[in-house]
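See below for the structure under consideration.
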Amino acid sequence: MDIEELLTQLTPEQIEQLNREVDPDDNLLPASQRCRDQTNKTATGPLNRRSLLDYLERSAREEEDWPELRPFQPGIVRGKVFTPKAVPKPLPVNDEIALDIGDEYEQALSQASEEELVDLAAILGLHSMMNQDQYYASVTNKKTMFGKFESIVKATQPKALPLLPDNDTDVDKSIQQVTSNDPKLTALNWNNIKNISLEKFNRLFNGLKKNSHLEKLSLANTRMTDSAARELCGALEENNGLKVLNVESNYISPPVIKDLVKSLLNTQTVVEFRATNQKPEVLGVKNEMEIAKMVEDNKNLLRLGLAFEVPDARIRVHHHLQQNNDNLRLKRIGGGNS
């Protein structure tokens with residue numbers, strides 16, 4: 001039978017009851033249409049929040065407390081009293097092991113010192129009874145004893161090393177030597193010199209353009225910025241004698257590092273370039289891929305100090321540097337011309 005015919009046969013009271021029992025489960029309908037209004041009272045007017053709060057507070061005060069089945073009486077305990085479970089005591093373990101080693105050995109062990117017992121434990125392979133120094137001494141067959149058995153719980157005290165001395169390189173004198181192309185100056189180390197002005201960097205790099213004797217230049221941790229590094233790019237494009245360049249631990253941005261690698265392509269005399277640990281730690285995918293392409297165009301670069309995050313760039317640079325080293329080895333032993 002059709003549903004429409006069934007609905008026509010229902011009385012108004014049956015239809016009203018059916019509407020109360022059926023709730024359409026449709027998320028597309030608003031809540032006002034899914035839930036039928038079953039309120040028969042007439043509206044009392046707009047909502048008055050202050051009046052509603054006063055009514056709730058007044059009703060809460062006037063309502064009587066729930067009656068207790070058993071009123072509280074001090075000193076009377078109701079319910080079960082908690083008693084912890086009895087934990088059985090562990091049985092005593094007798095770790096003593098009777099060994100019949102003979103009177104001669106027993107007398108020798110009773111008269112041995114603790115240092116000699118440590119050496120004996122090392123010979124027998126009882127490594128858990130020794131620390132690392134004692135085990136190493138037993139393996140290397142050293143005669144020196146390293147403490148007693150109780151030293152297993154103590155760490156080896158580190159050796160106090162003296163601090164590195166400050167770099168006492170005369171900045172102005174070295175700039176003059178680079179500018180005058182002094183043949184005695186083949187390596188210049190400005191590492192860890194903090195108070196180098198931009199003007200001194202510019203003087204150094206201007207003198208580096210025509211210098212042919214300087215082979216190693218170290219400028220690590222000198223607080224070099226992009227302004228000085230751009231001047232260095234121009235010097236690297238004209239210099240023909242520099243072989244090792246170190247600008248690690250400075251404040252050079254990734255685009256300028258890319259320009260430094262690009263400047264090495266002009267003469268291709270630098271065989272080692274290091275520029276890690278800059279203030280911007282991440283080079284970026286675009287810069288890394290461009291640097292990898294420039295390294296592949298450099299036929300003389302042997303060592304590169306840069307941290308690559310992209311695996312493709314890292315693998316390409318590694319393979320090309322290995323190929324350059326292989327070509328140099330073949331050229332050195334006379335097995336190739338490239």
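The values are calculated or read from the model by the stated rules, or taken from the named source; none is laboratory data. In this text, all values refer to a predicted model and were calculated from it rather than measured experimentally. Cβ atoms come from the backbone with ideal geometry, glycine included; neighbour counts cover every protein chain shown. All accessible areas refer to the heavy atoms of the entire protein, side chains included, with ligands and DNA or RNA removed. Shrake-Rupley method; radii C 1.70, N 1.55, O 1.52, S 1.80 Å.
Residue check: is residue 184 at pLDDT below 95 and basic (Lys, Arg)? So residue 184 passes the test. Applying the selection to region 172-188, what residues are open to solvent by 70 Å² or more (accessible area, probe 1.4 Å), out of contact with any helix residue (DSSP H, G or I) (no Cβ under 9 Å at 6 or more places or on another chain) and either outside any helix (DSSP H, G or I) or within 18 Å of residue 260 (Cα to Cα) (or both)? Answer for region 172-188, where residues must be open to solvent by 70 Å² or more (accessible area, probe 1.4 Å), out of contact with any helix residue (DSSP H, G or I) (no Cβ under 9 Å at 6 or more places or on another chain) and either outside any helix (DSSP H, G or I) or within 18 Å of residue 260 (Cα to Cα) (or both): just 183. Taken together, the criteria exclude residue 107 from residues that are open to solvent by less than 100 Å² (accessible area, probe 1.4 Å) and at pLDDT 75 or above. Counting only strands (runs of 3 or more DSSP E) that sit completely within region 213-324, those holding 1 or more residues that are closer than 22 Å to residue 175 by Cα and open to solvent by 10 Å² or more (accessible area, probe 1.4 Å) correspond to 216-218, 244-246, 272-274.
The residue of region 227-267 that is farthest from residue 178 (Cα to Cα), among those that are touching a strand residue (DSSP E or B) at 6+ places or on another chain (Cβ under 9 Å) and not aliphatic (A, V, I, L, M), is 248. Kindly evaluate residue 243 against the criterion of being modelled with pLDDT of 95 or more and out of contact with any His (no Cβ under 6 Å at 6 or more places or on another chain). The answer is yes for residue 243.
I'm checking my understanding of the structure. Among residues of region 192-212 that are part of a loop (DSSP other than H, G, I, E, B) and among the basic types (Lys, Arg), which one is least open to solvent (accessible area, probe 1.4 Å)? Walk me through it before giving the result.
Within region 192-212, the subset part of a loop (DSSP other than H, G, I, E, B) is 192-197, 209-212.
Subset that is among the basic types (Lys, Arg): 194, 209-210.
Details: 194: 77, 209: 55, 210: 159 Å².
Filtering first and then ranking leaves 209.
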